[in-house]
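J.: Got a structure for you, questions after.
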Amino acid sequence: MNQNFLKSLVLAFGPSSKEESVKKVIKRELNKVKAEIGDDKFGNLVIHIKGDGPKLMLAAHMDQIGVMITDIDKNGFLRLGEVGGIRKSFLLGQKLLFENGVEGFVYYEEKKSPWELKDAKMEVLFADIGAKDRAAAKKLVEIGTQGIYMPYFHTNGLRVLAPALDDRIGCFILAELIKGINPKKLKYDFYGVFTVQEEVGVKGAKVSSYEITPDFGIAIDVTDAGDTPEAIPVSLSLGKGPAIKVMDRGMIASKSVKDKLIESAEKAKIPYQLEVITAGTTDAYAMQITKSGVETGALSIPTRYIHTPGEVVDLGDVVNAIKILKKFVEK
Ligand code: CO
Ligand code: ZN
């Protein structure tokens, strides 16, 4: 388990449309891989390993949720807008990192009650970057500057706690899979795509699957675990294996791909779980409805507290996901 690579991925700054640092980490890691490596115009990183057989596209998104500065008031306080599905009740009290290395802290208008979390609106929150007035703030940031939850990486060897595991964990799995591919054993013409702007409408996957027109597609992403106290019931738990998607809010997985993933897991003697969730979707949604349709499924890592600053995954599930995909792509 290449923990340093995972750590670099998780610490990289990469809100939607600002994925360059993440891409750099991935390119550095894949520099010895024999493949065509290139960026498309939209910013996706495409790794093509030629093989005989149908086209397979695997996608993992590089971007993470974040905020964008919408206004700077005369006293230097920043108002924020959401980029992707940030959970507002978790923003309050957080440290933020902006794209130029500026740090800030999120506080609230004290005349309003912050503890009615369901009512926590962006309008009552603001960030303080230690600027004494608007002019001072404008030397550090601008309207449109993006920010993320302050990155950190913690592991006890079994599990990882960090923001941005959605979907750096998927990027990690895809990169590790690519590093281990023996082109001679490949059953597909293989495209590994590290996509951009998933969190703002699966946009990178849309353009890249249109360009590639795969025969089969698989997204690698996180999904909600239901194994915390009084959680909304979902059947998934951390550490019981990767989840093979049956359905989410955006997609019903194609039977062919779902069955092949199950078969790959069983052949490799790896535990797996079946995923049905009613919220959220992935790049697979975009791939499936490309052109006249693409047979598409998804492999998910059960994750706690998605889109908060404290996402948690089990490293056993991560290792097992790589093994299932390896079985899937090899003859
Ligand atoms: Co997400
Ligand atoms: Zn995701």
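The values are calculated or read from the model by the stated rules, or taken from the named source; none is laboratory data. Model, not experiment: these values are computed from the prediction. Note that each Cβ is placed from the backbone with ideal geometry, even for glycine, and that neighbours are counted across all protein chains shown. These accessible areas exclude ligands, DNA and RNA; they are computed on the full protein's heavy atoms, side chains included. Shrake-Rupley method; radii C 1.70, N 1.55, O 1.52, S 1.80 Å.
J.: If you wrap a convex hull around the C-alpha atoms of the range 66-149 and split its volume per residue, what is the figure in Å³? Spell out each step's value before the answer.
T.: Numbers: hull volume 6.5 nm³, N = 84.
Normalising the Cα hull of the range 66-149 by residue number yields 78 Å³.
J.: What is the mean projected area of the alpha carbon convex hull for the range 63-211, to one decimal in square nanometres?
T.: Working: hull surface 49.4 nm².
So the Cα hull casts an average projection of 12.3 nm².
J.: Once you keep just the Cα pairs under 8 angstrom separated by 6 or more residues, what percentage relative contact order results for the range 180-313? Present the calculation step by step, with values, prior to reporting the outcome.
T.: Working: 232 pairs, mean separation 44.7, N = 134.
Relative CO of the range 180-313 lands at 33 percent.
J.: Report the gain in length on full extension from residue 152 to residue 74: 0.36 nm times residue separation, minus Cα-Cα distance, nm rounded to one decimal. Please report the intermediate quantities before stating the final value.
T.: Details: separation 78, 0.36 × 78 = 28.08 nm, distance 3.18 nm.
Result: 24.9 nm gained on full extension.
J.: Follow-up question, since we're still on this one. Students sometimes get this wrong: rank 305, 285, 188 by accessible area, probe 1.4 Å, all chains present, largest first.
T.: On the way: 305 105, 285 80, 188 10 Å².
So, going from the largest accessible area down, we get 305, 285, 188.
J.: Provide Rg and Dmax in Å for the chain, with only Cα atoms included in the calculation.
T.: Cα only, the chain: 20.0, 66 Å (Rg, Dmax).
J.: Going by Cα centres, the range 246-308 and the range 150-222 are how many Å apart?
T.: 13 Å
J.: Follow-up question, since we're still on this one. Efficiency by 1/(1 + (r/R0)^6): what FRET value for residue 100 and residue 247, r their Cβ-Cβ distance, R0 = 45 Å, to the nearest 0.05? Mind showing how you got there, number by number?
T.: Details: r = 41 Å, r/R0 = 0.91.
That pair, residue 100 with residue 247, gives E of 0.65.
J.: For the range 46-92, which semi-axes, largest first and in whole Å, follow from the square roots of 5 times the eigenvalues of its Cα gyration tensor? Walk me through the intermediate numbers first.
T.: Values: eigenvalues 348, 30, 8 Å².
Calculated on Cα positions only, the semi-axes equal 42, 12, 6 Å.
J.: With each pseudo-label sitting 7 Å past Cα toward Cβ, what's the residue 187-residue 1 distance in nm, one decimal?
T.: 2.7 nm
J.: Hey, in the GNM for the chain with a 10 angstrom Cα cutoff, which one of 164, 60, 231 fluctuates hardest?
T.: Per the Cα network of the chain with a 10 Å cutoff, 231 tops the list.
J.: Continuing with the same structure: Please compute, over every Cα-Cα pair in the range 1-155, the percentage with a separation greater than 28 angstrom. Walk me through the intermediate numbers first.
T.: Working: 4069 of 11935 pairs.
Roughly 34 percent, rounded to a whole number.
J.: Still on this structure, please answer the following. Between beta-carbons, use under 13 Å as the cut-off and find the net charge around residue 196, counting Lys and Arg +1, Asp and Glu -1.
T.: Overall, the nearby charge balance is -4.
J.: Taking the chain as a Gaussian network, where each spring joins two C-alpha atoms under 10 Å apart, which residue of 251, 287, 62 fluctuates the most?
T.: 251
J.: Distance check, please: which entries in 179/323; 34/179; 184/206; 50/326 exceed 19 angstrom between their Cα atoms?
T.: Working: 179/323 13 Å; 34/179 9 Å; 184/206 30 Å; 50/326 16 Å.
Beyond 19 Å: 184/206.
J.: Which residue, 168, 249, 79, tops the fluctuation ranking in a GNM of the chain built on C-alpha contacts under 10 Å?
T.: 249
J.: Give me the angle, in degrees from 0 to 90, between the Cα long axis of helix 20-29 and the longest principal axis of the Cα atoms of the chain, rounded to the nearest 10.
T.: 40 degrees
J.: Further question: Suppose we keep just the alpha-carbon trace of the range 1-60; what are its Rg and Dmax in angstrom?
T.: In order Rg, Dmax, the Cα atoms of the range 1-60 give 12.9, 37 Å.
J.: Using a Cα distance threshold of under 19 Å, what count of lysine pairs results for the range 66-149 when pairs must be 8 or more residues apart or interchain?
T.: Close lysine pairs under the 19 Å cut-off: 11.
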